[in-house]
Amino acid sequence: MNNRGWMALLALGVLALLALDSFFIVNQKEKAVLKQFSRIDKTDIEPGLYFKWPLVEEVVKVDGRALVYDVRTQSFLTAEKKLLNVDAFVIWRISNVQRYIVSVGGGSSDSQVMERRARELLDPRINEGLRNEFASRTVFQVVAGESDVEKVEGDKAIIRDPTTGETVEVPTDQLDESVLREAKAGKEDGESPAPSVANDQREALMDQVREEVNKSTLEDLGIEVVDIRVKQVDWPDQVRGRVFDRMRAERQRDAAAHRSQGREEAEKIRASADRQRTETLAQAYRKAQSSRGEGDAEAAAIYAKAYNQDKEFFRFYRSLRAYTESFDQPEDVLILEPDSDFFRYLKGANGRP
């Protein structure tokens, strides 16, 4: 092949490249802008097939879907100056593609590079928002979504730790207004917040962080933060052991208090049962003695009546009873004089010798 053939082949290749670079496709999950000599000429291009000037115009495409990424675990101080490790994730999307490419792109047309830079720019804003919200709430409010403000006195709020029962004073200007309103309303009603109210408090915390972040990202970066969620709140490693020990000691104190109350109640029940038993036995003994006395009196009256009817027969009957009881056993021995009055009825039926 001569030089003319090579030149023709090269020209065809260049024409093919120019033809391929003369159109572009935007699909439904992408957002695109058209740049001409590094200047954005057309933005918010709808999905479809388009033509452009090759080598003169350039298409920059970015992901138009909602994106999710995990925020690096950060440590934040709460209103009572306790350190917590917070693990969160962010859902975001590009709202203004032109401002996004200008602010985040930095001259790059690679969507992956721009996405990485966007996360780097979002991180400090999100951490600042979380830090401000955590600093205005207590540990219990962050975790449970409920207020643990016991009372508000002037510019001081008394906060009770639900785990240890300890109280601490916190300036009211460090607490969120919604927390103070909830605490005052709860104390007036005398009821604890319902689960739905607790969930609303957690939603309010996340919504406030999202709104604060969007104030800067929408205008500066063209990014809309759709949602921010806290995945996990935990104590730092250096204090976790002490916290668990304190929680364990608190549970042991509660268990000891319950056992002590149980023993006290058991002693009360036992004492009451013993008292009832003593009273019952005393009443039964009194009734038995009364019945026995009445029986003895009636028996004595019968004996007396019978004695008065035939005195001699009664004496004879009593003597026979005495003989029977005295000689009941073979080994019984009585040493008496033969003419003793005890044997008078053995000598004769009428008691005379």
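Tabulated data
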{"quantity": "Net length gained if the chain between ASP245 and LYS81 were fully extended (0.36 nm per residue, minus Cα distance)", "calculated": "57.1 nm"}
{"quantity": "Net length gained if the chain between VAL226 and ARG315 were fully extended (0.36 nm per residue, minus Cα distance)", "calculated": "20.1 nm"}
{"quantity": "Label-point separation, PHE89 to GLN252 (7 Å along Cα→Cβ), nm", "calculated": "4.0"}
{"quantity": "Amide H within-cut-off set for GLU58, under 5 Å, with H built and near neighbours excluded", "calculated": "LYS35, GLN36, PHE37"}
{"quantity": "FRET efficiency for ARG259 and GLU120, using Cβ-Cβ distance with R0 set to 45 Å, rounded to 0.05", "calculated": "0.20"}
{"quantity": "Length added when fully stretched, LYS305-ALA282, from 0.36 nm per residue minus Cα-Cα", "calculated": "4.9 nm"}
{"quantity": "Using θ = phi - 60° and Karplus 6.51 cos²θ - 1.76 cosθ + 1.60, couplings along the range 248-265 (whole Hz; Gly, Pro as x)", "calculated": "5, 5, 5, 5, 5, 5, 4, 5, 5, 5, 5, 4, 4, 4, x, 5, 4, 5"}
{"quantity": "Virtual spin-label span in nm between VAL143 and SER109, 7 Å along Cα→Cβ", "calculated": "5.3"}
{"quantity": "The range 21-104: trypsin sites (Lys or Arg not before Pro) falling in loop per DSSP and having at most 13 other Cβ within 10 Å", "calculated": "LYS29, ARG65, LYS81"}
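Throughout, read-outs are computed from the coordinates displayed, never taken from laboratory work. Everything numeric in this text was worked out from a predicted model, so none of it was measured. Here Cβ is always computed from backbone atoms with ideal geometry, including for glycine, and neighbour counts include all displayed protein chains.
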